[in-house]
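Read through the structure below, which is laid out as structure tokens, and then see the notes.
The values are calculated or read from the model by the stated rules, or taken from the named source; none is laboratory data. Note that the coordinates shown come from a computational prediction; the quantities given were computed from them, not determined experimentally. Glycine gets a Cβ as well: all are built from the backbone with ideal geometry, and neighbour counts include every protein chain shown.
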Amino acid sequence: MYDQISTNKLKSIGLVAVFMLLVLAVGWAFGYFTQWGTGGFILALLFAFVSAFGSYWYSDRIVLAISRARPVDKQTDPYLVNVIEGLAIAAGLPTPAAYVIDDPAPNAFATGRNPEHAAIAVTTGLVEKLDRLELEGVVAHEMAHVKNYDTLVQTLAAVMAGTVVLLSEWVLRAWFWGGGKRRSNNDSGPLGLVLIVVALVLLVLSPLFAALIQTAISRKREYLADANSALLTRYPAGLAGALRKIAADTNQLAAANKATESLYIYNPLKDIREGKGMNALFNTHPPIEERIRRLEEM
């Protein structure tokens, strides 16, 4: 269990580092094609920083609003709040705010910029369909996301992916409308042509690379949270049983969308996203069978 946690942490750090290098490379291509040079590169990084700053402060409120989550407390939902409080104490964390989504599809997610401003949201279907040990396994999984700052990592990945896509589209549109001809005329030598080709390939393929890295980060964080949940509850079978029930449920979460799908413990767009081969590369969650297998082997 401890080896799996360490491995997943290292892989996540490596993926984020690669993502940052991709953003820097696209920033260079942006400065190169706009002929703004270092100024264009700095502008691209500034755009990424401002986007990350805004997401850091406001993403949790936006996600909760989009998901139609309502706050609950000990008076309105003592059972859920008791579970969250108990696991927060065990994890050594401040108690996250509790939210409920009125939907029969069993699912849950965590959000918040840090443990002091975290929230855990679960659907009514999750509370109704899981027993106490299974619910604790799910809440412990979300508590692990809070403790590991996964919401911050996911937000950073989403911002970097968005930055890569926007800068690539901006430059490619400028190229299409004549900017490329001006750059080609200025760099007519062999080295200039090589740089143009490299920059173009980077801009065309970078959105694909960004999507692959973002989903890979999401999958690694899910494995890590599963392992941390088992460590916190000392009962891996609880989360394994919960994942079986969640995966087998046929209800679709009405409030789910592409922007929030990676946050949930199980992909709420499963019927849309499930696939093998190349399609599996873009799945935001690991295969449910593999997650259950790992839990059962702990």
Within the range 39-60, which residues are more than 16 Å from the chain's Cα centre (by Cα) and modelled with pLDDT of 75 or more?
-> Ile42, Leu46, Val50, Trp57
Quick one: how many residues across the range 244-266 are farther than 22 Å from Ile62 by Cβ and out of contact with any helix residue (DSSP H, G or I) (no Cβ under 9 Å at 6 or more places or on another chain)?
-> 2
Can you name the strands (runs of 3 or more DSSP E) wholly within the range 41-118 that have at least 1 residues being out of contact with any Phe, Trp or Tyr (no Cβ under 9 Å at 6 or more places or on another chain)?
-> 97-101, 108-111
May I ask you to list the residues in the range 119-128 that are over 20 Å from Arg291 (Cα atoms), in a helix (DSSP H, G or I) and touching a Leu at 6+ places or on another chain (Cβ under 9 Å)?
-> Gly125, Val127
Condition set in a loop (DSSP other than H, G, I, E, B) and in contact (Cβ under 8 Å) with a residue 40 or more places away in the chain, scope the range 232-255, selection farthest from the chain's Cα centre (by Cα): answer is Tyr235
Does Ala98 count as under 19 Å from Ala225 (Cα atoms), of a type in the set (Gly, Ala, Ser), surrounded by 14 or more Cβ atoms within 10 Å (Cβ to Cβ) and without any contact (Cβ under 8 Å) to a residue 40 or more places away in the chain?
-> yes
